[in-house]
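The values are calculated or read from the model by the stated rules, or taken from the named source; none is laboratory data. Bear in mind the structure is a predicted one, so any value in this text is a computation, not a measurement. Every residue, glycine among them, receives a Cβ derived from its backbone with ideal geometry; neighbour counts consider all protein chains shown. Protein only, heavy atoms only, side chains kept; ligands, DNA and RNA dropped before computing areas. Shrake-Rupley method; radii C 1.70, N 1.55, O 1.52, S 1.80 Å.
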Amino acid sequence: MPELPEVETTLRGIEPHMQGRKVVRVVVRDPRLRWPVGEDVQQAEGQQVVRLRRRGKYLLIELEQGGLIVHLGMSGSIRVLTEPGLPENHDHFDIEMENGACVRFNDPRRFGAFLWADGEIESHELLSSLGPEPLSDAFTTDHLFRQSRGKRVAVKNFIMNGHIVVGVGNIYASEALFMAGIHPQRAAGRISERRYEGLVMAIRDVLSRAIRQGGTTLRDFVNSDGAPGYFARDLLVYDRAGNDCFQCGASIRQKVIGQRSSYYCPSCQR
């Protein structure tokens with residue numbers, strides 16, 4: 001599933017082709033996504049793209065009036081095509097720009113989203129209650145520690161909760177907890193402030209490094225020019241069950257926590 005670094009990589013890829021330019025046409029080829037694509041997305045036509053940004057795992061395309069919200073879902077990817085050619089299977093929609101660029105969305109599993117937002121885009125119901133960005137100044141040790149008090153939920157599920165902090169998905173949660181030396185199943189409320197300080201630093205570090213390498217490609221993700229992300233080569237525990245820990249040599253274990261596969265070292269993360 002594309003996570004924050006993959007979405008940020010996609011944003012940086014499409015921004016030069018869309019920022020400050022007009023949308024000529026929106027072509028919805030197959031509206032069957034997580035929520036059916038409505039005809040209201042056509043309101044983007046003729047409007048200039050004022051700003052592109054990311055909020056958690058959502059891509060926000062702000063226009064002169066209203067905006068578009070895009071989510072990559074489990075298998076979505078966006079490519080920028082200068083010579084579009086015939087669409088392929090699962091190419092759900094195109095955003096055609098005045099400079100000839102075609103921004104094409106592909107999603108085999110159809111869990112992605114393409115939505116219209118009236119007025120202030122941040123007030124949309126999908127965005128209004130999200131937590132702070134993990135790479136922003138608002139994401140602090142104090143914030144994480146205070147939010148965790150009294151919580152019995154596993155810390156891995158806690159940091160993957162978008163109301164606590166946005167964009168920390170399964171891959172990077174496993175990696176950050178390993179780097180911080182915290183067992184993923186430990187109750188969030190039983191972790192000390194000092195440990196949370198290390199976890200905040202680990203989350204920032206792993207996400208920043210993944211963004212620099214274009215994200216992690218394990219199955220479906222490619223960036224806007226069709227190239228894969230390369231951070232998979234640097235994964236310390238994720239998808240490495242049965243392999244030796246790089247730090248201590250113990251065998252990496254896999255455990256289902258909150259219906260998601262989690263990877264950890266039983267020696268480094270007690």
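Report yes if Val23 is touching a residue at least 12 places away in the same chain (Cβ under 8 Å), outside any loop (DSSP other than H, G, I, E, B) and open to solvent by less than 10 Å² (accessible area, probe 1.4 Å), otherwise no. Walk me through it before giving the result.
Working: touching a residue at least 12 places away in the same chain (Cβ under 8 Å): yes; outside any loop (DSSP other than H, G, I, E, B): yes; open to solvent by less than 10 Å² (accessible area, probe 1.4 Å): yes.
Judged against the criteria, Val23 is a match.
In the set (1) in a loop (DSSP other than H, G, I, E, B); (2) under 15 Å from the mean Cα position of the chain (by Cα); (3) farther than 27 Å from Leu199 by Cβ; (4) not β-branched (Val, Ile, Thr), the condition left unmet by Leu127 is number (3). Inspect the range 176-196 for any residue being within 17 Å of the chain's Cα centre (by Cα) and closer than 23 Å to Val256 by Cα and give the result as yes or no. The answer is yes, given that some residue of the range 176-196 is within 17 Å of the chain's Cα centre (by Cα) and closer than 23 Å to Val256 by Cα.
For His183, the test of being in contact with a strand residue (DSSP E or B) (Cβ under 8 Å, 6 or more places away or on another chain) and either exposed (fewer than 15 other Cβ atoms within 10 Å of the Cβ) or closer than 30 Å to Gln43 by Cα (or both) is failed.
Once the range 35-62 is narrowed to residues that are touching an Asp or Glu at 6+ places or on another chain (Cβ under 6 Å) and within 26 Å of Pro5 (Cα to Cα), the residue that is surrounded by the most Cβ atoms within 10 Å (Cβ to Cβ) is Leu52. Please indicate, with yes or no, whether at least one residue in the range 81-93 is at pLDDT 95 or above and in contact with a helix residue (DSSP H, G or I) (Cβ under 6 Å, 6 or more places away or on another chain). No, the range 81-93 has no match at all.
Keeping to the range 132-174, report how many residues are crowded, with 19+ Cβ neighbours inside 10 Å, without any contact (Cβ under 8 Å) to a residue 60 or more places away in the chain and not in a helix (DSSP H, G or I). Residues in the range 132-174 being crowded, with 19+ Cβ neighbours inside 10 Å, without any contact (Cβ under 8 Å) to a residue 60 or more places away in the chain and not in a helix (DSSP H, G or I): 2 in total.
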